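For reference, the structure is listed below as structure tokens.
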Amino acid sequence: MKSLVIFDLDGTLLNTIADLGTATNHALEANGFTTHPISAYPMMVGNGVRKLIERALPTENRNEETVTSLLTDFRAFYDEHLDDLTKPYPGIEDLLASLTKRGVRIAIASNKYEEAVKRLAARFFPDVPFAAVCGQVEGIPTKPDPSIVFRILTESPTPKSEVLYVGDSAVDIETARRACVTSVGVTWGFRPLRELTSAYAEHIATTPDDILDLI
């Protein structure tokens, strides 16, 4: 029996790729760099915005000064446009409602900066009584370091045997492994099934309803 489900945000609960890609392209163009098609961004995201910026830049320009400049431009733009094209994946709202009805607590663990995570959670899931909504915070390592999971378990104490961690990438599966909680890889997100299986996801969900079967 699982009493707490921790979800990754981007690529798991919300399809955010168009807004992330648009904001990154804005920052690249503002600093004189070539932009990328939105279709290139699913393989760049997953490790936080700073790493996204690094991956979007040419290798020879991935220095601290340039990354910081683009990061500033990214955040200024993204803060104004973070929900222009973003939307929940089909079935996610029903899944969260079903979990809530069953008395299962729900949390979010994201590598996106926390202010944006909280805004997106409030914007798209206003009726979900989240046990915790956690994003990237300065001074705390990002996933796959398990610190964010431990933070959630501090805010909402739960035996690890009762925790399900759901995400769309190898980063998420490794986070769950390091935190010693059960992992679920979802196939509707940004990364392919082979990445999830190569990372040894304990369960694979092809639809949100599959997660209910694991509770």
How long is the gain from Thr59 to Thr100 if the chain were fully straight, where each residue apart is worth 0.36 nm and the alpha carbon distance is subtracted? 10.2 nm
Could you line up Phe190, Phe124, Phe150 from fewest to most neighbouring Cβ atoms inside 10 Å? Phe150, Phe124, Phe190
Roughly how many Å is it from the Cα centre of the range 25-56 to that of the range 151-206, as a whole number? 25
Counting only residues 5 or more places away or on other chains, whose amide H sits under 5 Å from the amide H of Thr16 once H atoms are built in the peptide plane? Gly11
Roughly speaking, what is the stretch gain from Arg123 to Thr68, that is 0.36 nm per residue apart minus the C-alpha to C-alpha distance, in nm to one decimal? 17.0 nm
Each label point is 7 Å from the Cα along the Cα-to-Cβ direction; what then is the distance between the points at Asp79 and Ser198, in nm? 3.7
If you stretched the chain out fully between Asn31 and Glu162, how much longer would it get, using 0.36 nm times the residue separation minus the C-alpha to C-alpha distance? 42.5 nm
Nonlocal amide H pairs with Tyr113, under 5 Å, H built at 1.01 Å: Val49, Gln136
With θ set to phi - 60° and the Karplus curve 6.51 cos²θ - 1.76 cosθ + 1.60, what are the ³J(HN,Hα) couplings of the range 48-57 in order, to the nearest whole Hz, using x for Gly and Pro? x, 5, 4, 5, 4, 4, 4, 5, 6, 7
In what order do Leu9, Leu28 fall by count of nearby beta-carbon atoms within 10 Å, going from fewest to most? Leu28, Leu9
Pairs of Cα atoms under 8 Å, at least six residues apart: use those to get the relative contact order of the chain, whole percent. 26
At a Cα cut-off below 16 Å, give the lysines reachable from Lys2, other chains included and same-chain residues fewer than 8 away excluded. Lys101, Lys160
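Laboratory data are not the source of any read-out in this text; all were calculated from the coordinates shown. Since the structure is predicted, the reported quantities are computational estimates derived from the model, not experimental observations. In this analysis, Cβ positions are derived from the backbone assuming ideal geometry, glycine residues included, and neighbour counts consider all displayed protein chains.
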